[in-house]
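Right, one structure below, let's go through it.
The values are calculated or read from the model by the stated rules, or taken from the named source; none is laboratory data. Just so it is clear, the structure is predicted and the values come from calculations on it, not from any experiment. Ideal geometry is used to build each Cβ from the backbone, glycine not excepted, and the neighbour counts take in all protein chains shown.
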Amino acid sequence: MEELKQNKKREFWKPEPKRFSFLRKGVWTTEPCGVMDPYSAYVYIRDGVAKYQTERLREIMDPAAFKKYKQSQFESVIFSGVYERKCDEGLREPSGYVCLDFDHVDVKATRELLMGLEMFETVLMFRSPSGHGVKWVVNNKTLFNHKAFYVAVYNYLKETYHLVADLDAADLSHGCLLPWDPDVYINPNFM
């Protein structure tokens with residue numbers, strides 16, 4: 001079924017999905033090994049490529065062991081675009097996607113709130129590797145640069161809903177770990 005979906009022609013009204021860099025295991029990896037688009041990331045997350053790592057991480061109780069495992073065992077993407085190297089200067093093809101990271105939140109309530117915000121175009125939304133957070137990928141269609149957009153959305157959510165995103169994730173070349181989440185959401189326009 002997945003093969004048929006990938007070979008199907010896109011409807012004329014759907015946007016052409018932008019691509020972003022994919023990096024092999026470990027947050028310290030600086031050389032991308034390929035590219036993904038929103039649909040391929042959705043399939044990766046939904047189909048459990050990282051199911052073992054996600055389940056194993058959620059069993060670890062020691063904070064130091066948890067951090068070490070998380071930083072070394074997951075593959076990642078840089079949603080903001082295609083990179084030559086994992087650094088702001090390495091950006092070669094911007095995607096316009098911004099990934100906001102919400103840690104230690106009520107996952108269900110946060111997902112429901114973010115899905116109801118029609119002023120933002122949600123591309124993807126999924127549970128973080130720890131299971132206690134949400135990753136929200138939105139399409140920046142504004143004149144703001146990446147970081148300014150992230151900060152503007154951060155301030156809006158904080159002031160309006162008391163929902164606080166991780167400001168460390170505002171950097172252009174910030175990576176995002178890819179966990180397993182069978183409930184991952186993808187905007188139908190990106191399928």
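For the condition of a type in the set (Ser, Thr, Tyr) and under 25 Å from Val153 (Cα atoms), what is the one hit in Tyr83, Tyr44, Tyr69, Tyr52? Talk me through it step by step, then tell me what you get.
Numbers: Tyr44 fails: under 25 Å from Val153 (Cα atoms); Tyr69 fails: under 25 Å from Val153 (Cα atoms); Tyr52 fails: under 25 Å from Val153 (Cα atoms).
Result: Tyr83 is the single residue among Tyr83, Tyr44, Tyr69, Tyr52 that is of a type in the set (Ser, Thr, Tyr) and under 25 Å from Val153 (Cα atoms).
Restricting Lys70, Lys5 to residues that are part of a helix (DSSP H, G or I) and at pLDDT 95 or above narrows the list to Lys70. The residues listed here are Val98, Val123, Val138, Val134; of these, the one that is of a type outside the set (Phe, Trp, Tyr) and within 19 Å of Arg58 (Cα to Cα) is Val134.
Condition check ((1) modelled with pLDDT of 95 or more; (2) closer than 21 Å to Val151 by Cβ; (3) of a type in the set (Phe, Trp, Tyr); (4) part of a loop (DSSP other than H, G, I, E, B)) across all residues:
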residue	(1), (2), (3), (4)
Lys86	yes, no, no, yes
Glu89	yes, yes, no, no
Arg92	yes, no, no, no
Val98	yes, yes, no, no
Asp101	yes, yes, no, no
Lys108	yes, no, no, no
Glu112	yes, no, no, no
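Residues in the stretch 147-155: is at least one loosely packed, with under 13 Cβ neighbours inside 10 Å, at pLDDT 95 or above and not small (Gly, Ala, Ser)? There is at least one residue in the stretch 147-155 that is loosely packed, with under 13 Cβ neighbours inside 10 Å, at pLDDT 95 or above and not small (Gly, Ala, Ser).
Okay, residues lined up against (1) of a type in the set (Lys, Arg); (2) closer than 18 Å to Leu177 by Cα; (3) touching a Gly at 6+ places or on another chain (Cβ under 8 Å):
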site	(1), (2), (3)
Ala65	no, yes, no
Lys70	yes, yes, no
Tyr83	no, yes, yes
Glu89	no, no, no
Val123	no, yes, no
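When we screen Pro179, Pro188 for residues that are of a type outside the set (Gly, Ala, Ser), surrounded by 15 or more Cβ atoms within 10 Å (Cβ to Cβ) and either more than 30 Å from Phe66 (Cβ to Cβ) or in contact (Cβ under 8 Å) with a residue 12 or more places away in the chain (or both), the only hit is Pro179.
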